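To keep things clear, I will list the structure first and then write my remarks on it.
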Amino acid sequence: VIVTVGPHRRALPLDSALRRCTVAGARLAGRELSVRFAPDPALWPGAR
């Protein structure tokens, strides 16, 4: 996932299960960023 804040950008690796999800939302509380993920059925094996 790529996180951009102002002029700063950082690439963070994701676990393989999260790479098959879409971002469902994000929240910044103080200095902590929380990101929610939701499964993308089109990217999971046997999900047709």
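The values are calculated or read from the model by the stated rules, or taken from the named source; none is laboratory data. Computed from a prediction, not measured in an experiment: that's the story for all the values here. Backbone-built Cβ (ideal geometry, glycine too); neighbour counts: all protein chains shown. Surface accessibility is based on the protein's heavy atoms, side chains included, excluding ligands, DNA and RNA. Shrake-Rupley method; radii C 1.70, N 1.55, O 1.52, S 1.80 Å.
Quick one: what pairs do we get from the range 1-27, first residue within 11 Å of residue 38 (Cα to Cα), second outside any strand (DSSP E or B) and open to solvent by less than 60 Å² (accessible area, probe 1.4 Å), C-beta under 9 Å, 6+ apart or different chains?
20/40; 21/14; 21/40; 22/40
Considering only residues that are farther than 17 Å from residue 2 by Cβ and open to solvent by 100 Å² or more (accessible area, probe 1.4 Å), which ones fall in the range 24-33?
Listed by number, the residues that qualify are 27, 31, 32.
Of the residues 33, 14, only one is at negative phi and assigned to a strand (DSSP E or B); which?
Details: 14 fails: assigned to a strand (DSSP E or B).
Step by step, each of 33, 14 is checked, and only 33 is at negative phi and assigned to a strand (DSSP E or B).
I'm trying to understand the selection: among the residues of the range 1-19, which are open to solvent by less than 70 Å² (accessible area, probe 1.4 Å) and either over 22 Å from residue 40 (Cβ atoms) or of a type in the set (Lys, Arg) (or both)?
6 - this is the single residue of the range 1-19 that is open to solvent by less than 70 Å² (accessible area, probe 1.4 Å) and either over 22 Å from residue 40 (Cβ atoms) or of a type in the set (Lys, Arg) (or both).
Here are some conditions: (1) without any contact (Cβ under 8 Å) to a residue 12 or more places away in the chain; (2) open to solvent by 80 Å² or more (accessible area, probe 1.4 Å); (3) not hydrophobic (A, V, I, L, M, F, W, C). Residue 36 meets all but one. Which one does it not meet?
All conditions pass for residue 36, except number (1).
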